[in-house]
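Data block below; observations after.
Every number here is computed from the coordinates shown, using simple stated rules; none is lab data. Fair warning: this is a prediction, and the values are worked out from it, not measured in the lab. All Cβ positions, even for glycine, are placed from backbone atoms using ideal geometry, and neighbour counts span all protein chains on display.
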Amino acid sequence: MRVRAIPGFGLSIGVALTWVSLIVLVPLLALAVKPWELGVAGVIRSLSEDRVLASLALSFGTAALAGLASLPIGLLLAYAIVRLRFLGRRILDGMVDLPFALPTAVAGIALTALFAPNGWLGAPLQAWFGWKVAFTPAGIVVALVFVALPFIVRTVEPVLRDLGRDAEEAAATLGATRPQALARVVLPALAPALVSGFGLGFARAVGEYGSVIFIAGNMPMVSEIAPLLIVIRLEQFDYAGAAAVGLAMLLLAFAVLLGLSLVQRGLRRGRA
Amino acid sequence: MSARFRSAAEDAPWARALLALAAVTIGILILALPLAAVFTEALRRGWGVLRAALAEEDTMAAIRLTLVVAAIAVPINTIGGLAACWAIAKHDFPGRRLLVVLVELPFSVSPVISGLVFVLIFGAQGWLGPWLQARDVQIIFALPGLVLATIFVTFPFVARTVLPLMQEQGREEEEAAATLGASGWQIFRRVTLPNIRWALLSGVLLCNARAMGEFGAVSVVSGHVRGMTNTMPLHVEILYNEYQFAGAFAVAALLALLGLVTLAAKTVLERRGRRA
């Protein structure tokens, strides 16, 4: 029973709304309005430049690839942290959050040092396989995997923990083999979490700047990400053009996330 | 339990060993090696070079500026975040869910766009640009711009860490205090705040780590004037692009250390919060 409303609503909502409006709403409104100074045709022309299309394709493509590559890796790490007992498990658990805590510029120069042709990983990869990672689009994917991985681990982990072992044991009594139990029972239960982890990682990776620009090489049309193009347009005082790229990125990313949430709803309904 | 049953309900010992080995290998390759690379590069030329690199005047200026920016941005987001959480968790009003979405929104915006939006408003060709120029007020390429961009990117941290806990704790205690005649401020300070203190501290630390480490957003609004508008992460970039690797990795190691300390503190606080 509600005895009495808690006082203090006016002040707290006033502070909260001022804070949200000044810092988030008004600036994002500026982003939504600015591109149209060019007119509709101007915005379309500005966005259909080859260099813009190439950078958007690169940003969204590498982010999707990195998200996909992070799925099995993140699943393995979550499984190891929740289900296995081994030396260093708690350290591994803590380390998973490292990409959240490490400033992106630091991650950027660290990964570049590692994957450069003379780096700890770059040298053997080049010598054994002839792969060049740093200063190519492959380097971008590597940096984005680093960025996206914790989102997948931390989304899957609690679901796996809550899942318990009952379902697997039930599958076992019904005569399933271990691979069958994992593929038919565990994996479908984790699928919605994998999708939302992918979405979070992807959203972060699409806009990522600091950890990418050091390793990317930043060649126009080849390894120039969309956020970098925004910076370049700003340096040329093309504010409206920069805002157009920014708005396009945001809207495309939201469209992808919306699509993923529909997929997720489908997965949940399929199980119910 | 039959052997057949166990073999389907649990991983075989060899499979467990293999999976653990794979997880540790990946952890080392993806997570530990980059960190090791930073500290190795920073210490490669010895402690003396590292200390000299950090003591350089521009580096000290960058450290000071980073501290100033965080000292302004973090309290603002703490107060705003707490106010939003308290309003959302302890009161009913239309649009509560919309407010939650708005508070979390900056997390899904690219850092570069987070800086861009303030250039669009305050930059030379921005909405208020001519007006500010006429009055000789500099926001972009100056401290206010750095602070605004930092507030934007670190906006959700405190609210996001505290809100789930506040909602979970419900309103009974606050309602009891209200019945006893306590004012809103008294209730917040004596009832709510003690209940959320560990989560709040954790949120503040995460907010601070991101504020000090932010790169993309501040890069857009900074103008990169050494000794003036260069924060630590931006200074890493300048030194790196000038092939001054000793200095770049020295500053990077300092930032990495900040990240590690934050991570450790967060782990400890989470354990505390669970026990409390």
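Quick look at the numbers
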| read-out | value |
| --- | --- |
| Cα pair count fraction exceeding 34 Å, expressed as % - chain B | 38 |
| The protein assembly as shown, Rg to Rh (Cα coordinates; Rh as Kirkwood inverse mean 1/r) | 0.98 |
| Whole-Hz ³J(HN,Hα) from phi, Karplus 6.51 cos²θ - 1.76 cosθ + 1.60, for the stretch A:55-63, glycine and proline x | 6, 5, 4, 5, 4, 6, x, 5, 5 |
| Packing rank of B:94-103, B:229-238, A:17-26, where each peptide gets the mean count of other beta carbons within 10 Å, highest leading | B:229-238, A:17-26, B:94-103 |
| 222 nm mean residue ellipticity, helices alone, for chain A (DSSP H n ≥ 4; -39,500 (n - 2.57); rounded to 500) | -23000 deg cm²/dmol |
| Span-like helix ranges in chain B, DSSP H, alpha carbon extent 30 angstrom or more, Kyte mean at least -0.5 | B:57-90, B:245-275 |
| Karplus-derived 3J(HN,Hα), 6.51/-1.76/1.60, for each residue of the stretch A:176-185, Hz, glycine and proline x | 6, 8, 4, x, 5, 4, 5, 6, 9, 10 |
| Two-decimal Rg/Rh across the stretch B:107-194, once Rg and the Kirkwood Rh are taken from alpha-carbon atoms | 1.25 |
| Calculated from backbone phi, Karplus (6.51, -1.76, 1.60) coupling profile of the stretch A:15-32 in Hz, x at Gly/Pro | 4, 5, 5, 4, 4, 5, 5, 5, 8, 10, 5, 4, x, 5, 4, 4, 5, 6 |
| Point-charge dipole on Cβ atoms (K/R +1, D/E -1) for chain B, about Cα centre, debye to 20 | 700 |
| Candidates B:ARG189, B:ARG64, B:ARG44: whichever shows maximal mean-square fluctuation once chain B is modelled as a Gaussian network with Cα springs under 10 Å | B:ARG189 |
| Within the stretch B:99-231: Cβ-based charge dipole about Cα centre, in debye rounded to nearest 20 (Lys, Arg +1; Asp, Glu -1) | 360 |
| Max mean-square fluctuation residue, GNM over chain B, Cα-Cα springs under 10 Å, options B:ALA177, B:ALA256, B:ALA17 | B:ALA17 |
| Residue of A:GLY164, A:GLY175, A:GLY122 that the Gaussian network model of chain A assigns the largest fluctuation, springs spanning Cα pairs under 10 Å | A:GLY175 |
| Neighbouring partner chain Cβ atoms per residue of B:117-128, average, 10 Å criterion | 6 |
| Equivalent ellipsoid dimensions for the stretch A:39-271 as semi-axes, Å, which come from the Cα gyration tensor, largest first | 36, 24, 14 |
| Among B:ALA52, B:ILE72, B:LEU18 the positive-end extreme of the charge dipole of the stretch B:18-83 (Cβ point charges) | B:LEU18 |
